[in-house]
Structures are given as structure tokens and as C-alpha cells.
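> Quick one: the structure is below, and I'll ask about it shortly.
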Amino acid sequence: MAPDRSRRRLLQTLVWAGPSVAWAGQPDGPPPVYRTAWPPPATLDYQVRRGILSGQGRLSWDPRPPRYELQLQARVPLLGTILTQTSTGLLEASGLVPERFTDERLKRPPRVADFHRPRGPITFSGREDTRPLQPGLQDRLSWMIQLPAIVQADASWHQAGRELSLLVVSARADLDRWVFLSHGDQTIALTDGRSVRALRLERLNASASGTRAEVWLDPSRHHLPVRARLVEGRDEPFELVLAGG
């Protein structure tokens, strides 16, 4: 494949939530209700990588009970900001309770999921279809804090072989059950060359066109993610690696 054509393809698929996946019906039953202890306010800077392209990312977590705001931005040299995702909602004993999720991408109109709590349904900008509102439902950004909140409240999740599940919905109306397997603690390198011990969780049984996800949670940072790797279908992996600190 010619270099210019390859670069165009990478730019078209730069951000991690690629083509929408058909919703085949409501996932069987609600997910378990977990104890949670959400992390304190934090701003984490990452190196962003996808294929030959790299840039900077920032995850901003602002809990102000009873509410929270969470934002992820990614920037690439020459292109500027290519991704802004924002999740806002409530903080409850079960963790994050999203009310609105916004997904903005390079040269595309923003997509929005509104949860219409307390009864729903979830509606989506530019779409007529809806999704049922279910207990514990997370959006495509809030899961990155919900997992740390669950693990922070129960150290036994560091035991390899345990599984936990979340229902996750995107701004494109994809709704699916994400089952994560604990691989226990692993040593990983940060961008400054230092190493940390972090809990690796991997999503199981993603469909061929779905999102495959891995995340490494650092107990010294209230289990906030120090690395994440997401793959949509056959696209190049999208990776976040903590930029030191």
C-alpha cells in the first residue's frame, strides 16, 4: 500500500471507537452491582499512539459529589485535537451514573448520548432508535473510571482469574456487555522509562467487529489507568501510555 494512502487510512480510523456495531438485542440480565470507591480528582497525561501516528492525550477526572465530570482529549501534531470525549453524571454507591456522553472527532459533528434518568430511554443525536436504561450502565468513557472505582473498593480483584462485567453504550447506540478478566499485577514501562506494577484487565469475547480492550490500573494512583489499549475490528490498536509523573 502506498505511504500516502496508508496515512489517509490511519487518519480516518485514528480514534478508537470506529464503525458502529449492530445492536442484536438487550444483553441478558443486568450486570452485578459492585462496591466502589471512586478516585480523587486527577489529571493524567498520556502518550497516544496509533500505527505510525503519535501525540498527546489528557484524562481529566473531576468528582464533586453528588456529580462528576470526566473528559479525555487527544492531540496529534499538525492535526490538533482529534478526539474529545466527555461524560457527566452522578456519583452513587454503585459508582458512576452517566447522564450525558459526548463524542467529538476530527472533522465530524459531535455525537451525544442522553440517558434521561431515572427511567430512560437513552437517546442519541442524529438517530431515531433508543436503548433501555439499565442499572450500572456505563458509556464509552466512564468505564475507564468505573473499573478503578470497583477495584479500589476490593483488593481481591488483583487475583488473577476473577471476572467482572459492565454494560457499556456508545454515542452511536452500540450497547454491549463488557466482561473483564483479571490477569493480576504486571510490570509495565512508562514513557519516561520508569516501571510500575499495575493490574491488567482484559475484555473477553469481543465480537470480530467489536472493541477489544485492555487496561492497566495502578494501585499507587488509586487504580487510575496508566495504560490502555483498544482495538476496533481490524483497525490499528489505539494506545494510551502514562507520560511519567
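> What is the spread of the Cα atoms of the chain along each of their three principal axes, largest first, in whole Å?
50, 46, 34
> For every helix of n ≥ 4 consecutive DSSP H residues, a contribution of -39,500 (n - 2.57) applies; sum these over the chain, divide by its total residues, and give [θ] at 222 nm rounded to the nearest 500 deg cm²/dmol.
Working: 2 runs with 21 residues, N = 245.
Dividing the helical sum by the residues of the chain leaves -2500 deg cm²/dmol.
> What trypsin sites (Lys or Arg not before Pro) does region 192-245 have in DSSP loop regions with at most 14 other beta carbons within 10 Å?
Working: sites: ARG194, ARG197, ARG200, ARG203, ARG212, ARG221, ARG227, ARG229, ARG234; in loops: ARG194, ARG234.
Within region 192-245, the qualifying trypsin sites (Lys or Arg not before Pro) (loop, at most 14 other Cβ atoms within 10 Å) are ARG194, ARG234.
> What distance in nm separates the two pseudo spin-label positions at ALA153 and SER220, each 7 Å out from Cα along the beta-carbon direction?
The answer from the label model is 2.7 nm.
> With unit charges on the beta carbons (Lys and Arg positive, Asp and Glu negative) and the dipole taken about the Cα centre of the chain, which residue among PRO121, HIS222, PRO77 sits farthest to the positive side?
PRO77
> At R0 = 41 Å, how high is the FRET efficiency between ILE52 and GLN186 if r is their beta carbon distance? Nearest 0.05 is fine.
Numbers: r = 26 Å, r/R0 = 0.65.
It comes out at approximately 0.95.
> Treat every Asp and Glu Cβ in region 28-242 as -1 and every Lys and Arg Cβ as +1, leave all other atoms uncharged, and give the resulting dipole magnitude about the Cα centre to the nearest 20 debye.
Working: 29 positive and 25 negative charges, 60 e Å.
With only Lys, Arg, Asp and Glu charged at Cβ, the dipole is about 280 debye.
> Let me ask you something else. So for the chain, taking the charge dipole from beta-carbon charges (+1 Lys/Arg, -1 Asp/Glu), which of TRP143, ILE52, ALA37 sits furthest toward the positive end?
Projecting each Cα onto the dipole axis, the largest value belongs to ILE52.
> Less than 17 Å from a label point 7 Å out along the Cα-to-Cβ axis of ASP45: which backbone N atoms in region 181-198 qualify, by residue?
Under 17 Å, as judged by backbone N against the label point of ASP45, lie 190-194 of region 181-198.
> Measure off 7 Å from each Cα along the Cα-to-Cβ vector at LEU204 and ARG234, then give the distance between these two points in nanometres to one decimal.
My value for the distance between the label points is 2.8 nm.
> Just how far, in whole angstrom, is region 164-242 from region 78-110 if you go by their alpha carbon centroids?
17 Å
Values quoted throughout were computed directly from the atomic coordinates according to the rules given, and no laboratory measurement underlies them. As the structure is a computational prediction, the values presented were derived from the model and not from experiment. As a convention, Cβ positions derive from the backbone with ideal geometry for all residues, glycine included, and neighbour counts pool all protein chains shown.
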